[in-house]
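Enquirer: I'd like to ask some things about the structure below.
No lab work stands behind these numbers, since they all come straight from the coordinates. Predicted model only: the values in this text are computed from it and were never measured. Note that we place each Cβ from the backbone using ideal geometry, even for glycine, and neighbour counts take in every protein chain shown.
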Amino acid sequence: MKRNYQFKQKLWLWPGESANWHFLSIPKKDGQKIRNDFGSSLKGFASIKVEVKIGQMVWKTSMFYSKPAESFILPVKAKVRRDEDISAGEEVSFSIKIL
């Protein structure tokens, strides 16, 4: 089973009046493969633990399966956005490792 993935996706802001949660989406094809391969490992809120790398920042978090997106979404902390100087709408290169 593949555990390491690399992507380039747009950072997006959760829709809503007072939204401040930022996410990266996993492409559908890859998200379905991850779900098929690791579905038995999913935790609450259909989450799976991952290690993420954006630029020089590496951290552990969980990504969540989104039914509307038909894939996983990955939250990106404010500290990461500040330190890597990224904001909503920008293309971001990142890698994930399924833990």
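Enquirer: Determine the dipole magnitude for the stretch 4-98: charges of +1 sit on the beta-carbon of Lys and Arg, -1 on that of Asp and Glu, nothing else is charged, the reference point is the Cα centre, and the result goes in debye to the nearest 20. Mind dumping the intermediate values first?
Expert: Numbers: 16 positive and 10 negative charges, 64 e Å.
It works out to roughly 300 debye.
Enquirer: Could I ask something else about it? Restricting attention to the stretch 1-65, which trypsin sites (Lys or Arg not before Pro) occupy a DSSP loop and are surrounded by at most 10 other Cβ atoms within 10 Å?
Expert: When the trypsin sites (Lys or Arg not before Pro) of the stretch 1-65 are filtered for loop state and at most 10 Cβ neighbours within 10 Å, 2 remain.
Enquirer: Right, another one. For the stretch 2-55, which chymotrypsin sites (Phe, Trp or Tyr not before Pro) are in a loop by DSSP, counting at most 15 other Cβ atoms within 10 Å?
Expert: 21
Enquirer: Could I ask something else about it? Nearest 10 degrees, 0 to 90: what angle lies between the long axis of helix 28-38 and the longest principal axis of the chain (Cα atoms)?
Expert: Value to nearest ten degrees: 50.
Enquirer: On to the next question. With each run of n ≥ 4 DSSP H residues scored as -39500 (n - 2.57), what mean residue ellipticity at 222 nm is computed for the chain after dividing by its residue count and rounding to the nearest 500 deg cm²/dmol? Write down the numbers at each step before the final one.
Expert: Values: 2 runs with 17 residues, N = 99.
Rounded to the nearest 500, the figure is -4500 deg cm²/dmol.
Enquirer: Stick to the Cα atoms of the stretch 4-98, pair each with every other, and give me the Kirkwood hydrodynamic radius in Å at one decimal.
Expert: For the stretch 4-98, the Kirkwood estimate is 13.5 Å.
Enquirer: Follow-up. Tell me, what ³J(HN,Hα) does each residue in the stretch 78-95 have, in order and in whole Hz, if you take phi through Karplus 6.51 cos²θ - 1.76 cosθ + 1.60 with θ = phi - 60° and put x for Gly and Pro?
Expert: The phi angles translate into 4, 4, 5, 4, 5, 5, 9, 6, 10, 9, 3, x, 8, 6, 10, 8, 8, 10 Hz.
Enquirer: Another question about this same structure. For each of 62, 71, 93, 18, count neighbouring Cβ atoms within 10 Å of the residue's Cβ, then give the residues from fewest to most. Display every interim value, and only then the final one.
Expert: Numbers: 62 17, 71 20, 93 11, 18 5.
The most exposed by this proxy come first: 18, 93, 62, 71.
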